[in-house]
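Following: one structure in structure tokens, then a few remarks.
Every read-out reported here was derived from the displayed coordinates using simple, explicitly stated rules and does not represent laboratory data. If you're wondering where the values come from, they're calculated on a predicted model, not measured in any experiment. Here the Cβ is made from the backbone with ideal geometry for all residues, glycine too, and neighbour counts use every protein chain on show.
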Amino acid sequence: MKSTSTENPISSEVVSDKFDMSTIRSAPPQPKLWKQIVFLYFLTGFGIIFPILLVVRILSENHDFTISIGRAIIVFGVPICLVIALIKLWFSVDIIKKQLGVKLLDKDTTNPKELWLIDLITALSKKANLPNVPLIGIYESGELNAFAAGPTRSRAMVAFSSGILEQMEQPQLAAVAAHEVGHIASGDMLSMQIVQGVIWGSALIGNLVGNSIKMFFEQTRTKKSEYKGFEKLDQQMKDLKYDFFGENILGTCITSFGNIVSLAFSRHREFKADNFSATMTSPLLMSSALQYLLNDQKAGTTTQANSPYAALMISAPEGWADWLSTHPSLERRIEHLKSFQADVLHVPEAIVPEQKK
């Protein structure tokens, strides 16, 4: 007797080895970039600067000193480091092109695969409402990987490893490309540099604070009676060996705490870019692409976990703990896409197909 159950059309969908670009859907709406930057600036600033001022207030017991430090961070530290971060971002495309040996594709190429890739990025860029089609490049690497770089939506680059172009089928490669276009459309590279700039600026002033505390003790050692609670504070600093504290620990703690914030944002934007790709192509294709990356035998051969461009890549080796990684695990990202498919698209969970042998 035949089963009367209705087959799930999504789960039974067969992933072809060709990709029809006419199936690309419009990108999900993106927040105004300036609103996102302002939000991140104040969120990161509050998360980093407030703990610094709290520590200074507890240690110094001097309200005016704490206010002076806060003013120094806001007026000098953060703006200076933001400028440095934005200058670095402006030249990021040229820097990473040189570091990885990225070869830019030319529309006059006769290579069919390169022509298809140019057409794909062009179609995705139009659907994502980008002002310009990003530069498109290829770099030599056996691992399956790709990345987006650039300071603005109109001045960006998408690059693919030779390994991913050789091994991944067109549909999954289209999902990877949509993921990278999603980073550009969301302004993720600029947002990350804003976060980094606030962290660097806070750490810079943190080091100055530590040295100021050291100098404060040295200059007032002969006037202990004039400072309320100085004896207690002096003993605390002796226990901490304040010379080392003043020169190292405070700035290191600020940087370490700030990096946790930065890594959390980096993981968040990977989930967001996966959703972006799933909307433009399909959750099935993006999940299938992540499965390819999960099965990659050469993962990490080029992109080490601590490399300066690991956060840019679609796949990066995990740190020893998830909260210290630039990317969520590929398994978590696949599970996330199943939830995205069920909750946002209102369809049952898809079964991710096995990678082709």
*Using the structure shown, select from Lys32/Lys97; Lys126/Lys298; Lys98/Lys298; Lys88/Lys272; Lys103/Lys126 the pairs with a Cα to Cα distance greater than 26 angstrom.*
Lys32/Lys97; Lys126/Lys298
*Would you mind putting 150-162, 90-102, 327-339, 175-187 in packing order, based on average other-beta-carbon counts within 10 Å, highest first?*
175-187, 150-162, 327-339, 90-102
*Ordering of 109-121, 263-275 by burial proxy (mean other Cβ atoms within 10 Å per residue, highest first)*: 263-275, 109-121
*Between Lys298 and Ile260, what is the spin-label point distance in nm, taking each point 7 Å from the Cα along the Cα→C-beta axis?*
3.8
_Phe271 paired with Ile80, simple spin-label distance in nm, labels 7 Å along Cα-to-beta-carbon_ = 3.7
